[in-house]
């Protein structure tokens, strides 16, 4: 029978076969001790390792395997899949637009019917079926233009399909956040934070400026004013508010988004009251500028006096 002193000094290697890497990995992940001990010596005494060097070799193998397993589990989580999807969507959109500009610039040198943007790329890929002439195949760039156009269109289509995936999956992963921000903006916030758990742990002030890190760092260096908002600017509650009140709108929105992220991560309960509370708060904020506009118009009609 093991006494208390043995239990207190038992290492992660206790009762393990030295060749059992899976068991060692589980022991490293699950083991806890209240205080340190001379683990190499204890491992040698227990017969787990021949010497200190062998102990550290086995510890290295176990901790490396444990880390890889933890990373695989983390990356397989639904919110991480959403992070990869939104980032891939943005990459596809950015790359397809950049290549579409290159295609139009190149096409203008050999194609008398060259257009601009993704529309030109799509039109160029359908010329054969429409019976229209391609760029002169005798020209060195003609076939390559067609090939580039196909790749531009393929990337743009992939971006559209990824957007559909994000819009479909975000409400199941973060229902309250998706309801408040919309699926795409919610996914971007999760991506910028590094995951739903990380977003749930952030204060509303940090959520407010996610995506404005460059401006924030410039402010901290004394080179710029403090940013009022980051990516949440695209939300109607902020963008649709008068510039003088956008800071207040951004704070109100960020506060509700922070609460929504916490509810989604820790309980997953649907809280429709968050939407109603946000709508009421934004209405109050926007009414301020409406009142000021009414007062200004009245003053002008009265010759510059409120009397």
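Determine one quarter of the surface area of the Cα convex hull of segment 168-208, which equals its mean projected area, and express it in nm² to one decimal.
2.6 nm²
Kindly rank 193-202, 88-97 from highest to lowest mean number of other beta carbons found within 10 Å of each residue.
The most tightly packed comes first, giving 193-202, 88-97.
Per 5 Å bin, what is the whole-percent P(r) computed from every C-alpha pair distance within segment 19-76?
Bin by bin from 0 Å, the calculated values are 4, 18, 23, 26, 17, 6, 4, 1.
Report Rg(Cα)/(2.2 N^0.38 Å) for segment 78-172, keeping two decimals.
So the Cα radius of gyration is 1.28 times the expected 2.2 N^0.38 Å.
We did not get these values from a lab; they are worked out from the coordinates using the rules stated. The model shown is predicted, which means the values in this text are computed figures rather than measured ones. Every residue, glycine among them, receives a Cβ derived from its backbone with ideal geometry; neighbour counts consider all protein chains shown.
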